[in-house]
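First the structure, in the form of structure tokens, and then the observations on it.
Read-outs: derived from the displayed coordinates by stated rules, not from any lab. Quick caveat: nothing in here was measured; it's all calculated off a predicted structure. Don't worry about glycine lacking a Cβ; one is built from the backbone with ideal geometry, like all the others, and counts go over all protein chains shown.
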Amino acid sequence: MGLKNYISDIYNGVKSLITGMKVTGHYFTHPGEIVTQQYPENRDTLKMFERFRGEVVLIHDENNMHKCTGCSACELACPNGSIEIISGKEIDPETGKSTKIIDTFVYHLSMCTFCNLCILSCPTDAIKMAQGFEHSVFDRSKLTKVLNKPGSKIMPGIK
Amino acid sequence: MTEQELITNIETAPETQEYFINMGPQHPSTHGVLRLLLTLDGEIIKKVEPHLGYIHRSIEKMCEKDSYQQIVHLTDRMDYLSCHMNNEAVCLCVENGLQLEIPERVKVIRTIISELTRLSSHQLWWGVMGMDLGAITTFLYGFRDRELITDIFEETCGARLTMNYNVPGGVMFDIHPNFQKRTKDFITYFRKKLPEYDELLTGNVIFTERTKDIGYLSKEDAISYGVTGPSGRASGFACDVRKRFPYSAYDRVEFKEIIYTEGDCFARYKARIDEMWESMKIIEQLIDNIPEGEHKAKTKAVIKLPEGEYYQRVETARGELGVYIVSDNKKSPYRVKFRSPGFSNLSALDTMARGNKIADLVATMSTLDLVIPDIDR
């Protein structure tokens with residue numbers, strides 16, 4: 001009885017190992033089913049999904065115009081303080097009225113958790129999440145970005 | 001050496017003595033920064049004492065300064081493998097407090113994505129479990145299938161791991177047009193691939209030897225320690241929140257509560273594998289019947305919960321997550337407490353590991369499916 005058990009144990013053990021090896025052997029002989037992506041090499045063809053949240057950008061059109069009014073709703077919505085809006089004043093030469101505009105839109109990428117709350121809070125849809133994900137830099141200070149491009153202006157009609 | 005000499009040798013040999021070993025905080029099989037202080041007698045474990053605090057980020061305290069919308073993204077960072085369920089728990093709690101009517105569409109979307117999250121969590125667990133016991137292959141296979149789910153998340157939710165897809169009142173965006181097709185494709189694919197998991201690991205003689213009758217947890221202990229989730233159900237403790245206290249769309253789907261009575265590592269393993277089948281069943285029932293409607297109920301920009309206490313529990317991939325909010329009618333909560341499944345599950349580790357060999361501790365911990373940021377918060 002003991003010997004019979006012993007032999008059947010060995011038989012079942014070896015059989016279970018072979019069952020597992022059959023799976024790995026199948027993939028070894030069918031290289032077409034391998035799904036690995038060669039990442040840095042496929043950079044040109046790699047396309048991220050449209051909703052992927054990589055970084056916050058301020059949308060500029062071809063005339064270097066953006067839609068940000070400097071209302072700082074995004075600054076308030078941000079849980080980590082990664083957005084800082086420094087606003088300035090612009091005086092209309094015709095009417096003499098002063099309006100609030102953004103001076104600098106500071107974005108601390110190093111503090112951002114990509115929660116998308118700033119995008120949802122923006123009343124004018126001035127900011128969006130871009131798909132870039134290669135954020136590594138050699139110096140931490142480079143992760144603090146100014147999002148409004150130099151010389152950019154607010155689009156007319158946005159309030 | 002004669003027999004007599006041998007006996008005197010043993011008798012005069014120096015006495016064995018208990019000693020201590022630190023396992024972690026930088027140990028690959030603790031899956032994070034968990035430190036276990038082991039008291040050993042030779043190779044036999046006498047006592048396991050977990051030391052926490054290495055990844056404490058004071059999430060509960062941070063919640064006290066954040067608005068209710070902002071709290072949600074913090075829960076992503078607790079149990080990152082079941083982030084959607086964590087988000088859902090907070091949102092359900094806030095919605096309960098507001099007495100908000102949630103669109104049917106939201107409930108179904110939340111349930112589908114919860115189950116996908118559970119699947120991806122179990123796939124990762126399966127891969128890591130094999131790796132802990134010395135089989136690198138399983139890790140790669142688990143990640144291969146998980147990648148398809150992260151693709152679904154990336155397309156619909158916008159992120160692969162910390163999705164933050166829930167907002168109080170609904171979900172952040174409507175589902176992507178490809179969502180249903182991708183999910184159905186995945187289910188057909190994974191129904192073919194899941195038997196491979198059994199072939200690779202479940203029947204394997206080395207694996208069964210290392211998991212059967214190891215790390216026994218009795219039903220009584222499971223209840224008294226509050227071990228929930230697949231780990232608790234493997235000991236015979238029927239604790240599935242989805243079944244007992246249905247939330248979202250779980251009341252309208254049919255699925256089996258997986259219960260094993262063995263209480264050993266193999267039972268916990270089997271419970272999770274079976275749960276993957278059940279999750280697929282739930283998704284299949286819902287994916288074609290997503291009701292039309294809004295993806296978000298209207299909420300005020302500043303949410304203020306009426307004064308009082310609110311509690312909501314959900315079933316995450318690890319067990320029961322409870323969210324307890326005390327509100328004093330301000331825009332941020334007065335106190336938030338998370339009852340995380342990992343913490344309670346870990347507390348039973350001592351009972352399970354005592355008397356076993358040190359190598360079995362790795363198997364025991366692995367079947368508990370510990371996520372350390374969940375334990376520490």
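With the convex hull of its Cα atoms as the shape, the range A:55-154 has an orientation-averaged projected area of 7.0 nm².
Here the gap between A:Tyr39 and A:Thr24, fully extended at 0.36 nm per residue and compared with their Cα-Cα distance, gives a gain of 3.0 nm.
A DSSP coil position with no more than 13 other Cβ atoms inside 10 Å describes the following chymotrypsin sites (Phe, Trp or Tyr not before Pro) in the range A:74-159: A:Phe133, A:Phe138. Per-residue ellipticity at 222 nm computed for the protein assembly as shown from its helices equals -12500 deg cm²/dmol, with DSSP H segments shorter than 4 residues left out and the rest contributing -39,500 (n - 2.57). For trypsin sites (Lys or Arg not before Pro), the sites in the range B:220-283 that DSSP calls loop and that have at most 13 other Cβ atoms within 10 Å are B:Lys256. Take the alpha carbon gyration tensor of the range A:11-84, find the square roots of its eigenvalues, order them as a ≥ b ≥ c, and report rounded if a/c is under 1.5; if not, report prolate when a/b exceeds b/c, else oblate. Because a/c hits 1.5 or more and a/b exceeds b/c, the range A:11-84 counts as prolate. If you average the alpha carbon positions of the range B:80-96 and of the range A:3-32, how far apart do those two centres end up, in angstrom? Measuring centre to centre over Cα atoms gives 43 Å.
The Cα atoms of the range B:1-107 define a convex hull whose projected area, averaged across directions, is 12.4 nm². Selection among B:His295, B:Gly158, B:Val108 by position relative to the dipole of the range B:9-376 gives B:His295 as farthest towards the positive end (Cβ unit charges, Cα centre). Close amide H partners of B:Leu36, meaning residues 5 or more places away or on another chain with modelled amide H under 5 Å apart, are B:Met23, B:Gly24, B:His51. Over chain A, with a Gaussian network built from C-alpha contacts below 10 Å, which listed residue (A:Asn116, A:Asn63, A:Asn80) shows the highest mean-square fluctuation? The residue that fluctuates most here is A:Asn63. In this rough spin-label picture, where each label sits 7 Å from Cα along the Cβ direction, the A:Met111-B:Leu140 distance is 4.3 nm.
With Cα atoms as the point set, the radius of gyration and Dmax of the protein assembly as shown evaluate to 27.0, 115 Å.
Rounded, prolate or oblate for chain B? Axes are the square roots of the Cα gyration tensor eigenvalues, ordered a ≥ b ≥ c, and the cut-off for rounded is a/c under 1.5. Mind showing how you got there, number by number?
Working: a/c = 2.46, a/b = 1.64, b/c = 1.50.
Here chain B falls in the prolate category.
The slack between A:Asp103 and A:Ser136, meaning 0.36 nm per residue of separation minus the straight C-alpha distance, is 9.2 nm. Net charge dipole, chain B: roughly 1440 debye, given to the nearest 20, about the Cα centre with Cβ charges of +1 for Lys and Arg and -1 for Asp and Glu.
Modelled spin-label separation between B:Ser218 and A:Thr144, with each label point placed 7 Å from Cα along the Cα-to-Cβ direction: 6.1 nm. Per-residue shielding of B:150-163, expressed as the average number of other chain Cβ atoms within 10 Å of the residue Cβ, stands at 4. A straight chain from B:Lys181 to B:Glu5 at 0.36 nm per residue would run longer than the Cα-Cα distance by 55.7 nm.
Kindly identify the range B:247-315 as rounded, prolate or oblate by the Cα gyration tensor criterion: order the square roots of the eigenvalues as a ≥ b ≥ c, call it rounded if a/c is under 1.5, otherwise compare a/b with b/c, prolate if a/b is larger, else oblate. Intermediate values should be presented prior to the final figure.
Values: a/c = 3.73, a/b = 1.62, b/c = 2.30.
It comes out oblate by the Cα gyration axes.
Each residue of the range B:289-296 is assigned a 3J(HN,Hα), and the resulting list reads 10, 6, x, 6, x, 6, 8, 7 Hz, derived from the Karplus form 6.51 cos²θ - 1.76 cosθ + 1.60 (θ = phi - 60°), x at Gly and Pro.
Among B:Pro230, B:Pro341, B:Pro333, the residue with the largest mean-square fluctuation in a Gaussian network model of chain B, with springs joining Cα atoms closer than 10 Å, is B:Pro333.
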